[in-house]
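Only one structure is covered here, and it is reproduced in the block below.
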Amino acid sequence: GSVVASYPYDDSPTHRLTGVYSKSADDDVFKYLAKAYASHHPIMRTGKPNCPGEEGETFPDGITNGAQWYDVEGGMQDYNYVWANCFEITLELSCCKYPPTSELPKEWENNRESLLAFIEKV
């Protein structure tokens with residue numbers, strides 16, 4: 001887990017594990033949508049999720065191109081974009097994949113304004 005908005009492509013022609021910006025034809029739209037979400041999230045917008053074991057990981061503006069972060073071959077986000085013309089971004093909302101129930105109200109507050117801003121854009 002992390003706290004970042006990721007956008008296509010998640011796969012790259014080189015299939016290097018990380019560090020390859022894999023630009024789609026709609027890159028500007030995807031960045032716009034990802035920033036719309038990230039800019040309203042109190043942690044995501046800092047670009048520094050500070051996840052245990054990944055304290056040095058940063059994401060400018062709280063967003064990342066999927067393949068730039070790590071290459072995923074055959075991911076749903078890319079598949080839907082290429083084959084169904086469906087524009088998706090992936091939202092990593094927590095360092096913890098399964099946060100305890102007691103933390104869910106805080107997670108809701110962290111994401112409420114982001115969700116509303118994203119809905120307005122789409």
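Below are the figures for this structure:
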item	result
Range in the chain, longest, excluding exposed GluC sites (Glu not before Pro) [loop by DSSP; at most 14 other beta-carbon atoms within 10 Å]	1-53
Per residue accessible area of region 4-120, 1.4 Å probe, in Å²	60
Quotient of Cα Rg and 2.2 N^0.38 Å for region 4-120, N being how many residues it contains	1.06
Filtered trypsin sites (Lys or Arg not before Pro), region 61-122: DSSP coil and at most 16 other beta carbons within 10 Å	Lys97
Mean separation of Cα contacts under 8 Å, 6 or more apart, over the residue count of region 4-120: relative contact order %	39
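The values are calculated or read from the model by the stated rules, or taken from the named source; none is laboratory data. As the structure is a computational prediction, the values presented were derived from the model and not from experiment. As a convention, Cβ positions derive from the backbone with ideal geometry for all residues, glycine included, and neighbour counts pool all protein chains shown. Just the protein is used for accessible areas: all its heavy atoms, side chains included, with ligands, DNA and RNA removed. Shrake-Rupley method; radii C 1.70, N 1.55, O 1.52, S 1.80 Å.
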